[in-house]
Structure formats: C-alpha cells, structure tokens
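To start, the structure itself, in structure tokens.
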Amino acid sequence: MKPSFRLLASAAALAVVLSGCASAPDNVANPVVAEKPPSDQAIKALSAEVFTYAYPIVLMDVTRELMTVRTPVNTFSHKRTFPDASFTDVVSPNADTLYSSAWLDLSQEPVILSVPDTNGRYYLMPLMDAWTNVFASPGKRTTGTRRGNFVITGPDWRGTLPKGMQEIRSPTSMVWLIGRTQANGKQDFPAVHRLQDQYRLTPLSAWGGGKRMPEKAAPRATTVDTQSSPVEQVAAMDAQAFFTRFASLLPTNPPAPADSAMVDKIRRMGITPGVPFKTTVMEPSTARAVQEGATAALAAIVQGARKGNADAGNGWVMHRDLGSYGTNYGRRAVTAWVGLGANLPEDAIYASTRTDANGKPLQGGARYVLHFDKGQLPAARAFWSLTLYNDRQAFIPNPINRYAIGSRDRLRYNRDGSLDIYIQHERPPASRVSNWLPAPPDALKMMLRAYWPEQALLDGSWMPPAVMRVN
C-alpha cells in the first residue's frame with residue numbers, strides 16, 4: 001500500500017522524535033522540528049511535472065496495445081495504400097509514403113531488421129524508443145539503398161552477434177519501427193509493395209538454419225478499446241490509472257541518464273517502478289491535488305499543441321527539433337499529442353499552420369492560395385508535400401480522395417515558373433483542379449513536409465510563404 005504525502009511526512013517526523021529519544025540524555029530536552037508536509041499546491045505542481053514527463057511513454061503504450069491487437073509484436077504491418085479519412089491509429093498521418101511499421105519487444109532477445117536493395121528509392125526505417133526519441137534511422141540518407149541486416153538489441157542484452165551485421169542498441173525494450181517508403185501516387189503502389197514484401201524482422205534465435213521468419217501468433221481475444229484513438233484513451237484516464245500505467249512501463253523502459261532530476265521527482269511523488277499507484281489510500285485533499293495536477297498538465301499539452309510557436313514567420317510553426325528531445329519534456333509531450341512518431345529533422349522537416357497571413361484561423365469555407373515564387377519551392381533532396389487535417393489531426397473525406405499534394409504530383413506551374421496551390425472546400429474551376437487540395441467546411445490545419453531536407457531548411461534560411469485568403 002502506498003502512503004499519502006502527509007503520511008510520509010508524519011512518518012519522517014516520528015522517526016526524528018524516536019531518534020531524539022534514543023540518543024539524548026534524560027536530563028536534556030532536545031527540540032524536535034517536524035518536517036512540514038508538502039502543500040496541496042506543491043503536490044499539484046509535482047503531479048503536473050511528472051504527468052508531462054510520462055505522457056509520451058503512456059501514449060506510446062496505448063498505441064502499441066491498440067495496434068498489436070491486429071499485428072503481433074516483432075511483425076511488420078504494411079499499409080498498401082495511403083491513409084484516408086477512416087484512419088485514426090496515429091494523428092497527423094502522411095499520404096506521401098507507404099508505412100511498414102512494427103512494434104518490437106527486445107526484453108527477451110534482439111531482433112534483426114533486413115532490408116532489400118531499393119534501387120535508389122527513398123525509404124527510411126526510424127526506430128523510436130519508448131520515450132519517443134528516434135535513436136537510429138536506417139535508410140537512404142544514412143545507410144544507402146543497398147541490401148542490409150541490422151541487429152536491434154535491448155538495453156540489457158549481452159551476447160554475440162552474427163558476423164557482418166551492424167548492431168543498433170535501443171535504450172528501451174519497447175521500440176516502434178515506423179518504416180516509410182516513397183510512393184509516387186497510386187500507380188506506384190505495386191513497386192512499393194514488392195519492396196515491402198522483402199522487409200523482414202527476425203528474432204536472433206530464429207536466424208540461421210534456414211528459418212528466417214517466426215511463425216505468426218494466432219489472433220487473440222482482447223478487451224482493448226479499438227474504437228477510441230490513443231489520444232482519447234489517455235485523456236480519459238484518471239490520475240491513478242495514468243500513473244499506474246506509467247509505473248508498469250519503467251522496469252523495462254528506464255529513463256535516460258539525463259533524466260536523473262525527474263527520476264527524483266517521480267520518487268518523491270511516490271511512484272515506484274512496477275508497483276500500482278493508488279490515490280485511493282491518500283487523504284482526499286492530496287488525491288484531489290494529484291488529479292488536478294494531471295488534468296492541468298494535459299490541458300497545457302493540448303493548449304501548447306494548438307498554439308505552437310511560429311518561429312518560421314508568416315503564421316507557420318517550423319519544427320526543426322523533433323525526434324530527439326533531451327530534457328525538453330514539454331516539447332516532447334506536445335509533439336506526441338500532435339503527431340506521435342515524428343522523424344528527426346535530418347529525415348523530414350515539418351511546418352504547420354492554423355492561420356492565414358492576417359493571423360485569422362483557417363476555415364475551409366474560405367478560399368486560400370499558397371504561392372511559391374520561382375526557385376522558392378521547399379528545398380528537399382527527396383520530395384515535399386502539403387497536407388490538410390481537421391481539428392482532430394485527421395484526414396477529411398473529399399470528393400477526389402486527395403489528402404496531400406506536392407512535388408510528386410503533376411502540378412500546373414504559372415508562366416513565370418511560380419506555383420499556386422489552391423486550398424478550399426468547394427471545387428475550383430477545371431483549370432485549377434490539378435493544384436487543388438480539398439479542405440473541410442470548418443476549421444483546418446495545414447502541414448508542409450520536406451523529406452531529406454537541404455541545409456536551407458535545416459538552418460532556417462528558407463521559410464514557407466504566407467497562406468493568402470482570396471475571398
């Protein structure tokens with residue numbers, strides 16, 4: 001049973017009293033100063049800090065639980081088409097690449113990732129630890145496009161690896177591999193499918209002897225909520241459920257060495273790795289403070305996600321610090337809420353906006369133009385795209401089933417070499433349909449992606465143009 005903050009303080013005070021009685025002479029009165037218990041306000045602040053720190057790993061685990069209902073761990077799940085409006089597993093999905101994702105469990109043994117020769121096609125296999133940091137990203141940018149085998153090992157694994165294989169050590173036992181292979185429209189899907197079929201995940205114990213793939217596990221009964229998104233499920237947790245789940249993840253997914261100060265706060269809050277966290281044994285005011293802290297932290301994460309910080313100018317938020325967060329726990333939590341599974345900036349740069357050039361919220365009922373001057377298209381060594389989402393970070397149904405537009409499309413350029421992208425709900429004149437990105441009738445969010453960005457994007461010398469309202 002976990003004592004409340006007040007009980008902990010009372011126990012400490014009692015220890016001081018007993019210590020004084022045992023050591024002081026009978027004729028000397030030693031004054032005893034009881035340790036003052038933390039105020040409810042201090043407990044609320046501590047709860048908010050720990051919640052913000054823990055939010056990404058809890059969201060990761062809920063996402064893992066939901067996705068592995070359909071596909072067992074250490075097994076690829078391939079998306080054979082672009083996501084559409086029915087896709088809700090991940091917020092802010094892309095319609096640029098075909099996903100080949102897998103949840104890895106490295107607690108028992110390493111897993112070998114095998115990739116084919118993609119013949120120059122852009123692909124990446126970013127590996128994200130339980131805290132949502134990308135710790136490695138095999139692919140065209142880093143390892144080329146030749147055939148290869150990579151051994152992914154857990155934090156505590158020790159052993160001998162097969163010769164000629166590159167080891168990639170994960171800091172946590174839970175890993176999300178979110179592979180992406182460039183697809184240039186529906187007509188390109190068959191070529192990508194052939195590559196996807198050659199991506200392999202093999203437990204180390206199954207490597208060699210002619211057995212390269214483990215047998216797939218049989219479908220299992222589950223009580224997992226498959227109707228609500230991971231973000232919604234985490235938001236529905238009370239503090240006890242949230243922090244209990246957090247505690248259960250700590251033994252096999254340890255905090256980073258740089259998190260030592262936060263680990264101390266976790267301990268002070270009474271959270272023990274692997275032990276359920278119980279607010280029901282706390283004094284009512286303490287339990288309320290813990291819940292209020294968690295509620296306030298989630299509200300701050302959502303507010304931060306909606307507000308952003310427009311460092312790129314023109315109303316855009318340019319994300320150049322995703323994928324690896326260090327001790328910036330607020331940034332990490334906001335990114336998880338907005339779009340779990342973000343790449344490193346070297347692999348992809350994201351810019352997003354919810355406002356037009358005048359600072360007014362984007363509305364699908366209006367008409368907008370995103371104009372690129374000649375020679376000022378997003379500087380990407382692979383390709384770039386523009387995508388729209390609704391206020392839940394999901395795709396919106398539209399009559400032409402177009403969810404992204406960009407350099408892979410047959411766009412119509414202006415006579416001077418410039419380019420106009422038309423964003424609106426109503427269908428434009430026929431001459432503009434090739435450059436039309438359909439919008440919802442209400443609030444929307446716009447995201448610009450550049451894959452394998454050039455230095456101008458990485459150092460901030462290039463900025464997206466303002467979104468101009470034309471009616």
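The values are calculated or read from the model by the stated rules, or taken from the named source; none is laboratory data. Since the structure is predicted, the reported quantities are computational estimates derived from the model, not experimental observations. Virtual Cβ from ideal backbone geometry, glycine too; neighbours counted across all protein chains shown.
A count restricted to region 247-286 and to residues that are in a helix (DSSP H, G or I), of a type in the set (Gly, Ala, Ser) and surrounded by fewer than 19 Cβ atoms within 10 Å (Cβ to Cβ) stands at 5. The lone criterion from (1) assigned to a helix (DSSP H, G or I); (2) touching a residue at least 24 places away in the same chain (Cβ under 8 Å); (3) of a type outside the set (S, T, N, Q) left unmet by Ala351 is number (1).
Select, from Val338, Val317, Val369, the only residue that is among the β-branched types (Val, Ile, Thr), free of Cβ contacts under 8 Å to residues at least 40 places away in the same chain and under 22 Å from Ala95 (Cβ atoms). Residue meeting the stated conditions: Val317. Within region 63-108, the set of residues being part of a strand (DSSP E or B) and more than 17 Å from Leu124 (Cβ to Cβ) comprises Trp103, Asp105. Got at least one residue in region 63-77 being aromatic (Phe, Trp, Tyr), farther than 19 Å from Met269 by Cα and buried (at least 17 other Cβ atoms within 10 Å of the Cβ)? For region 63-77, residues aromatic (Phe, Trp, Tyr), farther than 19 Å from Met269 by Cα and buried (at least 17 other Cβ atoms within 10 Å of the Cβ): present.
Can you find even one residue in region 213-229 that is at pLDDT 85 or above, closer than 28 Å to Ala256 by Cβ, surrounded by 17 or more Cβ atoms within 10 Å (Cβ to Cβ) and among the hydroxyl-bearing types (Ser, Thr, Tyr)? For region 213-229, residues at pLDDT 85 or above, closer than 28 Å to Ala256 by Cβ, surrounded by 17 or more Cβ atoms within 10 Å (Cβ to Cβ) and among the hydroxyl-bearing types (Ser, Thr, Tyr): present. Within region 441-471, being aliphatic (A, V, I, L, M) and either part of a loop (DSSP other than H, G, I, E, B) or buried (at least 19 other Cβ atoms within 10 Å of the Cβ) (or both) holds for Leu444, Met446, Met447, Leu448, Ala450, Leu457, Met463, Ala466, Val467, Val470.
Listed by first and then second residue, the pairs linking a residue in region 413-439 that is under 17 Å from Ser385 (Cα atoms) to a residue that is in a strand (DSSP E or B) and among the hydroxyl-bearing types (Ser, Thr, Tyr), with Cβ atoms under 6 Å apart and 6 or more places separating them unless they lie on different chains, are Ile423/Tyr368; Asn435/Tyr422; Trp436/Tyr422.
Conditions tested, residue by residue: (1) in the same structural domain as Ala48 (by TED's automatic domain parsing); (2) among the basic types (Lys, Arg); (3) over 17 Å from the mean Cα position of the chain (by Cα).
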position	(1), (2), (3)
Ile271	yes, no, yes
Glu283	yes, no, yes
Gly293	yes, no, yes
Val302	yes, no, no
Asn314	no, no, yes
Thr327	no, no, no
Gly330	no, no, no
Gly339	no, no, no
Asn343	no, no, no
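Please enumerate the residues belonging to region 323-340 that are at pLDDT below 90 and surrounded by fewer than 24 Cβ atoms within 10 Å (Cβ to Cβ).
The initial filter retains those residues of region 323-340 that are at pLDDT below 90, namely 338-340.
Within region 323-340, Gly339, Leu340 meet the criteria.
Every listed requirement among (1) touching a strand residue (DSSP E or B) at 6+ places or on another chain (Cβ under 6 Å); (2) at pLDDT 95 or above is met by Ala95 save one, (2).
If the condition is being surrounded by fewer than 19 Cβ atoms within 10 Å (Cβ to Cβ) and charged (D, E, K, R), then region 80-103 contributes Arg80, Asp84, Asp89. All of Ile152, Ile112 fail the test of being surrounded by 17 or more Cβ atoms within 10 Å (Cβ to Cβ) and farther than 21 Å from Leu344 by Cβ, apart from Ile112.
Looking at Asp373, Asp356 in this structure, which one is farther than 24 Å from Phe87 by Cβ, surrounded by fewer than 18 Cβ atoms within 10 Å (Cβ to Cβ) and in the same structural domain as Ala430 (by TED's automatic domain parsing)?
Numbers: Asp356 fails: surrounded by fewer than 18 Cβ atoms within 10 Å (Cβ to Cβ).
Of the residues listed, the single one that is farther than 24 Å from Phe87 by Cβ, surrounded by fewer than 18 Cβ atoms within 10 Å (Cβ to Cβ) and in the same structural domain as Ala430 (by TED's automatic domain parsing) is Asp373.
Quick check on region 396-416. Is at least one of its residues among the small types (Gly, Ala, Ser), assigned to a strand (DSSP E or B), touching a Ser or Thr at 6+ places or on another chain (Cβ under 8 Å) and surrounded by 13 or more Cβ atoms within 10 Å (Cβ to Cβ)?
Within region 396-416, one or more residues are among the small types (Gly, Ala, Ser), assigned to a strand (DSSP E or B), touching a Ser or Thr at 6+ places or on another chain (Cβ under 8 Å) and surrounded by 13 or more Cβ atoms within 10 Å (Cβ to Cβ).
Looking at region 367-395, which of the residues that are among the charged types (D, E, K, R) and not in a strand (DSSP E or B) is farthest from Met447 (Cα to Cα)? Result: Lys374. Can you spot a residue in region 307-323 that is within 30 Å of Arg169 (Cβ to Cβ) and of a type in the set (A, V, I, L, M, F, W, C)? Yes, some residue in region 307-323 is within 30 Å of Arg169 (Cβ to Cβ) and of a type in the set (A, V, I, L, M, F, W, C).
Against the test of being in contact (Cβ under 8 Å) with a residue 24 or more places away in the chain, out of contact with any Leu (no Cβ under 9 Å at 6 or more places or on another chain), part of a loop (DSSP other than H, G, I, E, B) and surrounded by fewer than 22 Cβ atoms within 10 Å (Cβ to Cβ), the options Gly164, Gly120 yield a single qualifying residue, Gly120.
Here is a check on your reading of the model: is Arg146 assigned to a loop (DSSP other than H, G, I, E, B), surrounded by fewer than 17 Cβ atoms within 10 Å (Cβ to Cβ) and out of contact with any Pro (no Cβ under 7 Å at 6 or more places or on another chain)? Break it down stepwise before answering.
Details: assigned to a loop (DSSP other than H, G, I, E, B): yes; surrounded by fewer than 17 Cβ atoms within 10 Å (Cβ to Cβ): yes; out of contact with any Pro (no Cβ under 7 Å at 6 or more places or on another chain): yes.
The answer is yes for Arg146.
Report whether or not Asp391 is in contact with a Phe, Trp or Tyr (Cβ under 9 Å, 6 or more places away or on another chain), surrounded by fewer than 21 Cβ atoms within 10 Å (Cβ to Cβ) and closer than 26 Å to Lys360 by Cβ. Against the criterion (in contact with a Phe, Trp or Tyr (Cβ under 9 Å, 6 or more places away or on another chain), surrounded by fewer than 21 Cβ atoms within 10 Å (Cβ to Cβ) and closer than 26 Å to Lys360 by Cβ), Asp391 does not qualify.
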